[in-house]
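The structure under discussion appears below in the form of structure tokens.
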Amino acid sequence: HRVHALIPAAGQSVRFGGTTVKQYTHLLGQPVMAHSIEAILKHPAVTRMTVALAPDDGIYDELIRPSYPEVTTVVGGESRAHSVMNGLRYIMEFDPDCEWVLVHDAARPCLSYASLCNLMDLGLASMGGAILAIPVSDTLKVADEHGYIEETAERSRYWSAQTPQLFRVHQLAANLDSALSQGLVPTDEAAAMEAAGARPLLVMGATTNIKITGPEDMALAEFILQRQYVSE
């Protein structure tokens, strides 16, 4: 199987605060996104990678491209879904023989090789694709519109979605394009597949595969990566 990796990185990281976009914040001497790219490129099935950037991105060429000249870039969109759609159109045009796309968050730098291999092994054998996810461990409360508890959810059926997410290129492109044309903006690729009736496989991820959303996550990511480097 040939897999084209796609990293949507056009977000402006409003929640992160400060002046540095979170995917370019330095983590153990490298930008966060560099760790995310490196984690994906380790797998031999990933033959190409494309990153979707904000139209006014002026940092990638300086901090990332010199280390990864083989990674192509496209202009992203107003949302994650639009950025992924732009990336899929690029893949279908310039890498037409590629059957699978692996979408990963730019700000999820702690993906382990074991988790990636597990996703690849199970996902490439699945008709509807697959995503990394972990079962929810906290008790979940459903709130009404005023913030009062309406009910307690049965958590045994709930999972927290992660990335990477692996799907057939043309299926994901068709389903995501359909969702966007209806005014829907899926928050991840699996949601676009589900809206079209697909049932992606949930592959056990890891609690260490964190997504950096605020400055407080940086110390934890540094600790996790240091542990991973030691174990490797």
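The values are calculated or read from the model by the stated rules, or taken from the named source; none is laboratory data. From a predicted model like this one, the values you see are computed outputs, not experimental measurements. Here Cβ is always computed from backbone atoms with ideal geometry, including for glycine, and neighbour counts include all displayed protein chains. Surface accessibility is based on the protein's heavy atoms, side chains included, excluding ligands, DNA and RNA. Shrake-Rupley method; radii C 1.70, N 1.55, O 1.52, S 1.80 Å.
The figures follow:
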{"item": "Elements of type helices (runs of 4 or more DSSP H) contained in segment 1-99, each with 2 or more residues being open to solvent by 70 Å² or more (accessible area, probe 1.4 Å), touching a residue at least 12 places away in the same chain (Cβ under 8 Å) and farther than 23 Å from GLY214 by Cβ", "result": "80-94"}
{"item": "From LEU111, LEU166, LEU116, residue being in a loop (DSSP other than H, G, I, E, B), touching a helix residue (DSSP H, G or I) at 6+ places or on another chain (Cβ under 9 Å) and within 30 Å of GLU222 (Cα to Cα)", "result": "LEU111"}
{"item": "Those residues of segment 115-125 which are surrounded by fewer than 18 Cβ atoms within 10 Å (Cβ to Cβ) and in contact (Cβ under 8 Å) with a residue 12 or more places away in the chain, in sequence order", "result": "CYS117, ASN118, LEU122, LEU124"}
{"item": "Index of the failed condition, THR139 passing every other in (1) under 17 Å from PRO186 (Cα atoms); (2) open to solvent by 70 Å² or more (accessible area, probe 1.4 Å); (3) among the β-branched types (Val, Ile, Thr)", "result": "(1)"}
{"item": "Those residues of segment 142-165 which are open to solvent by 70 Å² or more (accessible area, probe 1.4 Å), out of contact with any Lys or Arg (no Cβ under 9 Å at 6 or more places or on another chain) and more than 19 Å from ARG108 (Cβ to Cβ), in sequence order", "result": "GLU145, HIS146, TYR148, GLU154, ARG155, SER156, ARG157, TYR158"}
{"item": "Number of the exception - LEU180 against (1) open to solvent by 30 Å² or more (accessible area, probe 1.4 Å); (2) part of a strand (DSSP E or B); (3) in contact with a His (Cβ under 8 Å, 6 or more places away or on another chain)", "result": "(2)"}
{"item": "In segment 180-219, the residues that are over 19 Å from the mean Cα position of the chain (by Cα), hydrophobic (A, V, I, L, M, F, W, C) and over 22 Å from HIS170 (Cβ atoms)", "result": "ALA219"}
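So that you can scan it fast, the table gives a plain yes or no per residue for (1) at positive phi; (2) touching a Ser or Thr at 6+ places or on another chain (Cβ under 9 Å); (3) open to solvent by 30 Å² or more (accessible area, probe 1.4 Å); (4) aromatic (Phe, Trp, Tyr):
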residue	(1), (2), (3), (4)
ALA192	no, yes, no, no
ARG199	no, no, yes, no
ASN209	no, yes, no, no
ALA219	no, no, yes, no
GLN226	no, no, yes, no
TYR229	no, no, yes, yes
